[in-house]
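The structure appears right after this line, and notes come after that.
The values are calculated or read from the model by the stated rules, or taken from the named source; none is laboratory data. Bear in mind that the values here come from a model prediction, so they are computed numbers and not experimental data. Backbone-built Cβ (ideal geometry, glycine too); neighbour counts: all protein chains shown.
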Amino acid sequence: MSKNSMREWKSNIGQPYYINISQLSMLAARLNYPLDDFNKVGQINKLSDLGIELATIILAFKKLVNTIKPVTQSFTNLKFNEIKQDYLIEFSDRFNSKNSRQLRENTYKLGDEPHLWKKYGDYKVVMNMNPKWVTTDTACSSLSRNAEFAGLCLVKQIDSEQSTIYATPLLIGIPRNLDIFEGLQGNI
């Protein structure tokens with residue numbers, strides 16, 4: 001792996017659709033970063049139940065990412081044999097959606113998990129999603145379509161026989177370049 005392909009992640013997410021609090025909390029703990037303002041997360045079935053208080057979570061994780069400055073790779077710059085388990089990978093690309101009905105129904109059946117997937121050359125990336133971490137109903141609808149997404153994921157498993165990378169998404173959202181509010185920041 002070339003050091004040149006590794007870089008500090010600058011969040012490319014305009015509006016967050018998916019925030020995997022459990023995985024991000026573990027990442028923060030590994031880096032000795034304290035997390036505050038999460039008292040209500042254990043009391044809900046899904047993030048969208050937080051309503052307006054979701055803004056506190058979004059701001060906390062924005063601060064987390066800006067503070068810990070994770071070092072990442074990009075799927076577009078890697079060959080299959082260069083990808084290792086526990087790599088943090090950034091993405092900004094068009095993904096396909098599968099089994100998304102579970103996101104809308106807030107159900108989760110092992111073996112039929114809702115996921116985003118994309119082929120990169122000779123390998124496929126699969127990111128399973130848990131409905132609990134979807135931020136809003138609008139986000140749920142967006143994650144149920146084939147669309148452009150940006151974010152950060154953690155490589156969990158590499159299936160060499162199937163040339164498939166299984167990754168856990170940490171953050172997924174609309175890319176900054178597609179965010180209609182991006183140009184308004186500072187004016188609001």
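The set of residues from segment 84-116 being hydrophobic (A, V, I, L, M, F, W, C), at pLDDT 90 or above and crowded, with 18+ Cβ neighbours inside 10 Å comprises I89, F91, F95, L116. Every test in (1) at pLDDT 95 or above; (2) assigned to a loop (DSSP other than H, G, I, E, B) is passed by Y166 save one, and that test is (2). Report yes if some residue within segment 131-145 is modelled with pLDDT under 85 and among the aromatic types (F, W, Y); otherwise report no. No, segment 131-145 has no match at all.
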